[in-house]
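Have a look at the structure below, then the notes.
The values are calculated or read from the model by the stated rules, or taken from the named source; none is laboratory data. What you are looking at is a predicted structure, and each value in this text was computed from that prediction instead of being measured. All Cβ positions, even for glycine, are placed from backbone atoms using ideal geometry, and neighbour counts span all protein chains on display.
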Amino acid sequence: MSKKGFFAILILVLLLSIASFCIILFGVNPYKTSWHLFIFFYISIFIIIFCISSIIGLWLRIYFSSGKTNYMPTGTVLRQSFLIAIGVLGLLLLQAARILNWWDGILLILAVFLIDLYFKK
């Protein structure tokens with residue numbers, strides 16, 4: 001897949017998830033809704049963070065490689081974007097449950113970092 005096609009797919013998914021996030025945010029009363037919409041809310045946040053970090057990560061890798069490589073490091077960028085989204089979503093869920101402290105946040109980010117080191121080639 002070409003670079004433009006990959007970026008186009010990421011941007012399309014990002015726009016769709018932003019639209020679903022806005023529909024949930026402005027169209028739903030959080031005090032009268034079921035838990036299903038909270039799951040959709042957090043899934044849309046996850047997809048937004050994943051797409052934004054993927055686009056930024058790929059753009060930075062392409063920009064700093066300056067055409068020295070012929071391949072796109074999509075596997076690495078997608079893995080790191082997934083872990084970033086998991087970390088941010090974990091922090092948001094801990095904050096929603098009112099159990100987020102600074103040491104819990106540091107431990108969660110450290111755990112995500114160690115998972116990334118484990119899967120690094």
For this session: Would you list the helices (runs of 4 or more DSSP H) that sit entirely within the stretch 16-121 and hold 2 or more residues that are touching a residue at least 40 places away in the same chain (Cβ under 8 Å) and closer than 30 Å to SER2 by Cβ?
Result: 35-65, 74-96
Exercise. Residue check: is ILE18 of a type outside the set (Lys, Arg), surrounded by 11 or more Cβ atoms within 10 Å (Cβ to Cβ) and closer than 30 Å to TYR118 by Cβ?
Worked result: no
Seminar exercise, completed: TRP59 passes all but one of the listed conditions (1) more than 30 Å from LEU110 (Cα to Cα); (2) surrounded by fewer than 16 Cβ atoms within 10 Å (Cβ to Cβ); the exception is number (1)
Exercise. Is one or more of the residues making up the stretch 70-90 surrounded by fewer than 16 Cβ atoms within 10 Å (Cβ to Cβ), modelled with pLDDT of 90 or more and among the aliphatic types (A, V, I, L, M)?
Worked result: no
